[in-house]
1. Report the Cα centroid-to-centroid distance between the range A:29-56 and the range A:355-393 in angstrom, as an integer.
2. Which of the lysines could be linked to A:LYS81 by a straight reach, that is with a Cα gap under 22 Å, when you skip same-chain ones fewer than 8 residues away?
3. Using amide H atoms built in the peptide plane, which far-off residues or other-chain residues are under 5 Å from B:ASP44 H to H?
4. How many Cβ atoms of partner chains, on average, are near each residue of B:125-132 if near means within 10 Å of its Cβ?
5. Each residue of the range A:167-180 in order: what ³J(HN,Hα) in whole Hz does its phi give by Karplus 6.51 cos²θ - 1.76 cosθ + 1.60, θ = phi - 60°, with x for Gly and Pro?
6. Just the number, please: carbon plus sulfur as a percent of the accessible area of the range B:50-138, 1.4 Å probe, no ligands or DNA/RNA counted.
7. Roughly how crowded by other chains is peptide B:55-64, in terms of the mean Cβ count from those chains within 10 Å of each of its Cβ atoms?
8. Which GluC sites (Glu not before Pro) does the range A:338-431 hold that lie in a coil by DSSP with at most 15 other beta carbons within 10 Å?
Amino acid sequence: MVVLIIGLFTSIFLYNLFLTEAHAIPVFARKYKTSCQTCHVAFPRLNAFGEAFRRNGYQFPQIDEGYVKEEPLPLGTPAWKKVWPEGIWPGQIPAMVPIALRVESSYRYDDRSEVTHDFTFPNELELLTGGTFGEDISFYGEIALFEEGDTGKVGRLFLQFDNLFDSKLPKHLLNLRIGQFEPAAVPFPSQRRLTFTNYLFNSFKVGKNNFQFSSAQKGLEVKGIIKSRLEHALGIVNGNGAGAKDESTDSFDNNSKKDIYIRLGYKIGGIGLDGTTDVEIEDEGLLNQVGLTENSIKFGTFGYLGENSIKYSGMDFNDKFYRYGFDLDGYYQNINLFGAILLGRDDNPSGNLKEVEVTAYLVEANYLFLPWLIGILRYEETNLNPGYKRGQVIPNLTLLIRANLKCILEAQISTKDDVSNKIFAGLDYAF
Amino acid sequence: MPFRVLLTLLYLTLPSIVLAAGTISGTITDKRGVTVDAVVYIEDSAGEFAPPKEHLVMDQKNLAFTPHIIPILIGTTVDFLNSDDILNNVFTPSWAGHKFNLGTYPKGIVRSFTFDRLGEVVILCNIHPEMEAYIIILSNPFFAVTDKTGKFTISGVPSGRYTLRTWHERLKPQTKQISVRENNTTVVDFELIR
């Protein structure tokens, strides 16, 4: 059965591979009339330029204006800048409603589930939006219209004020993000992974505390780049994810304490974190792409300090916790190797006043066989002491049928005997 | 001494040679209206023609190659300039371009290539798949590209009978037999189809 279904997906892939060109393109592709490959190795994983585009508030890093092919709608002419403060500073909105959709579907085999074979067509339908209100004010949103049976869940939705005080300070030094977003402390956000399987590293929970490292959080974040190579971020968030409002307290947070986090990173080689392009790449073949051909290495360190109030089985208790760690992201030729180690401690995650030590790490290699064929191998492990030890190996083959349509073949192999192993064969597309 | 005489005679006769040349002009249309960026060229002109010493320039600006189409005489060198603030690449999968890959380079850098094979060369950027341009390498200098109104003019064509041919990236080529007479303009229109 598994072989039959994987064979079916392979046939669909080969059939589509040689058919007509794809026309579907999401929000930024429409705005700039450029292919997904400008920013992505394969969506949603960003290449080096895509990272610079994201860091710069979804604008081209140097002068954005010339690259915009879809003329925005002006909210006041530029001359109104001279009238300020007697008038409103002129802005812009996208001429077309900036909305894109992403659909994720898969066949899933689970060796321990009561339902061994399952079609999830679709598993997720996501609405994506993003753009700018003129220069240096950006917005981004990601709303799960349908996800594993749930409907209408806001993932990320934020405003970003870019290049603050750039008349006095260097460009890219300070950006302010306000809204619901994944904290910049997270080295490899789940939203930009290529695999169906989420990073264990980001998604584990300790005791009854629902905190997950990569969850979207409500709050503020200041971040930026110093001299093209050093990234910094400092944030303050509710710390309890993107859950619904608690009617009893009339609040989204479960306590008055706010979580804080920090991140520092430094990149050597390749294009700058702000997109500066002083490098030249001598190409020999057609395989080369920025992001997988630049030879670079980025080191990072992060820290997160939080506290959650937990209500469980009539108990009401607090869990103070911290996470810190180091990460590394390197590109050499067509290989991208990245990994991270996370350490931490929760002082009372289960309401029994017992501390839990946390150790987690991940390492993943992406190899670009061809621009449309990527092989992935990931190993990760999470240890809670006292508690469980869990590990998984994720081999994956991602085939881009079109720039916006990919076929994924993946296995999720647990290193523990009592946890199920899974196989996925799926399609993921955006338009 | 005989060489100088020959040179003097050449200078004296040059204006008459130019005057003896004719012009071909016309309009190219297709189902949608006027056809922009179509190449029109004489297929069968005898003689040897030296390529220009000056290099032609194909720029990369705002994620587009400009101009989109360049017809050139065989042996011409084209400079590929990057005027974008971001990295761009230049490569071709075409045989006539020796399947070159000039690399990925930043703003202000120029890399050159001399085209020594006849044919069509598609120019691509391997990090921005929407970027595309064409260089058409021809055996004589009697060619033109249609403007925004679909019009073309080929001047200085020696008198004679020729085959006039079209090239367009999406439309089928057409040929027409024409006669060019000195000091006259031969009008030739084409209606291209897919």
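1. Taking the Cα centre of the range A:355-393 as reference, the centre of the range A:29-56 is 25 Å away.
2. The reachable lysines, counting only those whose Cα sits under 22 Å from A:LYS81, are A:LYS168, A:LYS171.
3. Residues meeting the amide H criterion: B:THR163.
4. Working: counts 1, 10, 13, 7, 7, 10, 3, 0.
Going residue by residue through B:125-132 and averaging, the value is 6.
5. These are the phi-based 3J(HN,Hα) values: 6, 10, 10, x, 4, 6, 6, 10, 10, 10, 10, 10, x, 10 Hz.
6. Values: 1860 of 3190 Å².
Percent of accessible area from carbon and sulfur atoms in the range B:50-138: 58.
7. Working: counts 0, 0, 0, 0, 0, 0, 2, 9, 9, 3.
Partner Cβ neighbours, averaged per residue: 2.
8. On the way: sites: A:GLU355, A:GLU357, A:GLU364, A:GLU380, A:GLU381, A:GLU410; in loops: A:GLU355.
Answer by residue number: A:GLU355.
The values are calculated or read from the model by the stated rules, or taken from the named source; none is laboratory data. Please read all numbers here as calculations on a predicted model, not as lab measurements. Every residue, glycine among them, receives a Cβ derived from its backbone with ideal geometry; neighbour counts consider all protein chains shown. Each accessible area value is taken on the protein alone, full model and side chains, heavy atoms only, with ligands, DNA and RNA left out. Shrake-Rupley method; radii C 1.70, N 1.55, O 1.52, S 1.80 Å.
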